[in-house]
Amino acid sequence: MAGNDWINSYLEAILDVGPGLDDAKSSLLLRERGRFSPTRYFVEEVITGFDETDLHRSWVRAQATRSPQERNTRLENMCWRIWNLARTKKQLEGELAQGNAKRRLERERGRREATADMSEDLSEGEKGDTVSDLSAHGESNRGRLPRISSVDVMEAWASQQKGKKLYIVLISLHGLIRGENMELGRDSDTGGQVKYVVELARALGSMPGVYRVDLLTRQVSAPDVDWSYGEPTEMLTLRNLEDYVDEMGESSGAYIIRIPFGPKDKYIPKEHLWPHIPEFVDGALSHIIQMSKVLGEQIGGGKPVWPVAIHGHYADAGDSTALLSGALNVPMLFTGHSLGRDKLEQLLKQGRLSRDEINSTYKIMRRIEGEELSLDASEIVITSTRQEIEAQWRLYDGFDPILERKLRARIKRNVSCYGRFMPRMAIIPPGMEFHHIVPQDGDMDGEAEGNEDHPTSPDPPIWSEIMRFFTNPRKPMILALARPDPKKNITTLVKAFGECRPLRELANLTLIMGNRDGIDEMSSTNSSVLLSVLKLIDKYDLYGQVAYPKHHKQSEVPDIYRLAAKTKGVFINPAFIEPFGLTLIEAAAHGLPIVATKNGGPVDIHRVLDNGLLVDPHDQQSIADALLKLVADKHLWAKCRQNGLKNVHLFSWPEHCKSYLSRIASCKPRHPQWQKSDDGADTSDTDSPGDSLRDIHDLSLNLKFSLDGEKSGASGNDNSLETEGNAADNRSKLENAVLAWSKGVLRDTRKAGSAEKADQNNTSVKFPALRRRKHIFVIAVDVDTITDLLDVTRKIFDSVEKERTEGSIGFILSSSLAMSEIHSFLVLGGFSPSDFDAFICSSGSDLYYSTLNPEDGPFVVDFYYHSHIEYRWGGEGVRKTMVRWAASVTDKKAENDERIVFADEKLSTNYCYAFRVQKPGLVPPVRELRKLLRIQALRCHAIYCQNETRVNVIPVLASRSQALRYLYLRWGVELANMVVFAGESGDTDYEGLLGGLHKSVLLKGVCGIANNQLHANRSYPLSDVIAYDSPNVVQAPEECCSSDIRGSLRLLGCVKD
């Protein structure tokens, strides 16, 4: 009833329409004026949870109508609308029940298939023993949170960290973020998450062993926000650094780094940030690379110091972090804060918006996909409570607590999981700063005595603002601090207080319900709750016993807690569900016992603090009894107060950071693989005059020559190991090939020696050739046939023939084609491999370069790119699952034993499993295939290619867009100097090609109508993720010629006449 309490009093007036009948003669025929009781109908039919704004407006209009007939008609219409809401509610409940049943069946099927693929029988540990439960959820059900319990232990831990110099990156994109004077509550995007990430960065920067922390966010230089949000860098003030001064350095500390992306000079809500995520990723990648070099000079002995982890906050940052951690090959952490699937269910239950309207308003499906991708890429998911895991994360395809427990037990026993993986869920509650909190020791009868450190001072102004409401301000204060939202259950608290006379006689009630100027200016939801509270105060005659001030400052909240403690009061959080409950920790720090909901985070907090009572928020009597017990029993009150003050340090930031850093330490260290201890060169520094010689040394470690282009990379799976003989043979061939190639380069080096003496910046001999180009043109047009690709390629070549001849422009072919198909394409078109600097093949799972010396073979594969993307590649487990999926599609939809989908062994490689599709219309949408793979804990990308006639399955860290970032990271090829050519549509990885710092040319009329059908089956429209209005994107006219393409390039500033 909390969502519609205002209807109670309104519908009482509807009784004026006419008296209701007894139960035997009641009728819902609204046209029978004297035979219908709207109040009874409301009680029987209206379901809790609706907040129908239009219904409220209808009542206001009806109340203002003087004509009885018109008034009755309006009221009748309102009742019909209530009936329609109830019917909609029942329909939604049915749909949700069906969806949950389907999800259960899919998960059970996925578990069975995953278990069948694993070779060994499940042990007792895999069936859910204590160890596996701990591993899955971070703690046992009965034990307390694993935390440091004394200052001595903390100091011992700190001494162990000395000598470490970690670099940590945090990402939080939306809202307005700065270190001081945070504008919390300015809008829905600038709330608790902003405060959390800033304090986390500050706390981590103060920890021993942490050298630098960067908090990356959006740079906002809009006229309607403060200038400080446009500053590129802001250094955060650290606390408690006295003991670690010797670890400080030139670039150490915690910083807010603001990356420009999205519309310039405009502050936009988080729902509109999605199309601009790739631009942020490219900017953040550039910052991290540069900072790693700087830190390498300071503390790394000249070698880059890569982040030990990148931590994304919320879905938008999670999506960004997944791309960044994949591009850098470093571990990823994720915190959801608020989850999309849970919000979607709540919005559907309210019944105000349809699923399409919800997606249009909140971009909810793109948000959910971002969270699923975060699960795919994360090592650890940090949550505040167990409730978040059990009630929210289990709604996702990529996380199943039961399968996670089985996989974790197999990992513990060192048994293969066949490529299956689920992130570890770690419960680490948010920290708090307690250094400024002084618990109130006095009471209303005797003021606290002052001393030198804390002298007595005048009462804060907020005290008098609250106490003016009370007839007897010396009574214990029951304090509730929550906005007037139906979910906060404030009306039930007022009813419990109003109907319990002993409680009313012993205590006062203070409701801090945000700030307001006038009720009419509040949102309809908040004003409804506030009106209900005011009417309940009047109903129970609570004047002089309830305070509800209109205004308070954020800085006055500690004073409010102190006042409640001074009166020996109690803090209460009666919310229906509380995800965490930070106010409970704040109250405990000020010496207040608590009464809290038993649903959600307060359970974990109470387990640690043991400083109050938990109640059922729906049980009004239970709330009253718990409050009365604490207020009346002074011994119990004192015990709860003491327990809270004694244990609250367990929620401090140092404790949080200790657990946090311990979790990071459990991750396997990862970083770009070519950074070897014996490699004295930073190969991404394009200005170094000795690059060509160092490249020879480096290539011997990471490049492998290939003539056929297939099956050339080493597998990243534990089930596909080479024999020692084959490995030795391969090494011998590789050494000979590199030796032959290096001789050719050395000859070229000697020939160019005189030129280098004249110009030290001459880079003509560097490998690969793309390093010396002014621009790189990436041909990523997803056409259906080789002939169409040849036509497009020739047009692009012709458009820049002069620059191509000069060598200022290089070309990369980026395609879903395998290397053997690209070889055929080159032969058919009369192209030389050297016409292209690189080939991104098999949807981004393979990367080849053209060789400098044709005698050594046409192509060379970047072996380190494979090691860069193989993390979590399921290998044989993916192949088996895909073969089973192909067979199931054929069994369900094929006629006359015709195969619909089948494996294409000739086009498959170690990092790409290719499947041919005979009848595209009968294949399930790509989102269904991705869902199947996620349910089975297989972390990979399924891509529908070539107008749905092929399916490529590649590692989750691989993609065509990520391959471009790898080229930037590996060879220093600036992303801003790249131009990507794409059609109007393309493969299902098309969206990744059209965002970021690089330029894009869209060829209208190319791969348009047919591939648009492929994208029609997406969970969200392309417009949600592609910024078509970006200045970096231009469209060439339909059926364009080479001159049209050159005109588009001229608009982008890439060529001149």
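The values are calculated or read from the model by the stated rules, or taken from the named source; none is laboratory data. Note that this is a predicted model, so its numbers are computed, not measured. Every residue, glycine as well, gets a Cβ built from its backbone with ideal geometry; the counts of neighbours run over all protein chains shown. These area figures cover heavy atoms from the full protein model, side chains too; ligands, DNA and RNA do not enter into them. Shrake-Rupley method; radii C 1.70, N 1.55, O 1.52, S 1.80 Å.
Quick notes
- Computed extension gain for H671 through V827, at 0.36 nm per residue and net of the alpha carbon distance, reaches 52.4 nm.
- Difference of contour (0.36 nm per residue) and Cα-Cα distance, T787 to T115: 237.4 nm
- Modelled spin labels at D1029 and A903, positioned 7 Å past Cα toward Cβ, are 4.9 nm from each other.
- Cut-off 11 Å between beta-carbons: net charge of the residues surrounding K802, Lys and Arg +1, Asp and Glu -1: -2
- Accessible surface, per residue, of segment 462-651 when the full set of protein chains is kept, probe 1.4 Å, Å²: 38 Å²
- Carbon and sulfur %, accessible surface of segment 297-354 computed with the full protein complex present, 1.4 Å: 45 percent
- Checking the cross-link pairs K349/K487; K553/K634; K293/K774; K795/K906; K270/K293; K165/K293 against a 21 Å limit on the alpha carbon distance flags K553/K634; K293/K774; K795/K906; K270/K293 as lying beyond it.
- Amide proton proximity set for L170, modelled H, under 5 Å, gap of 5+: D214, L215, L216, H311
- Sites S834 and S808, calculated FRET efficiency, Cβ-Cβ separation with R0 25 Å, nearest 0.05: 0.95
- Using a Förster distance of 22 Å, the FRET efficiency for A638-K539 (Cβ separation, nearest 0.05): 0.05
- Rounded to the nearest 0.05, the FRET efficiency derived from the C-beta distance between V225 and S523 at R0 = 22 Å is 0.45.
- Extending 7 Å from Cα along the Cβ direction at D356 and again at T949 yields two label points whose distance is 3.3 nm.
- Averaged over its residues, segment 165-427 has an accessible area of 32 Å² per residue, based on protein heavy atoms and a 1.4 Å probe.
- Residues in segment 181-225 that a label on D265 would reach, taking backbone N under 16 Å of a point 7 Å out along Cα→Cβ: 220-225
- Carbon and sulfur %, accessible surface of segment 462-651 computed with the full protein complex present, 1.4 Å: 51 percent
- For segment 318-380 versus segment 959-996, the gap between their alpha-carbon centres in whole angstrom: 23 Å
- Separation of the R474 and S188 label points, Cα + 7 Å toward Cβ, nm: 4.8 nm
- Multiplying the residue separation of Q346 and E297 by 0.36 nm and removing their Cα-Cα distance gives an extension gain of 12.5 nm.
- Other residues with beta-carbon under 11 Å from the beta-carbon of V305 carry, at +1 per Lys or Arg and -1 per Asp or Glu, a net charge of +3.
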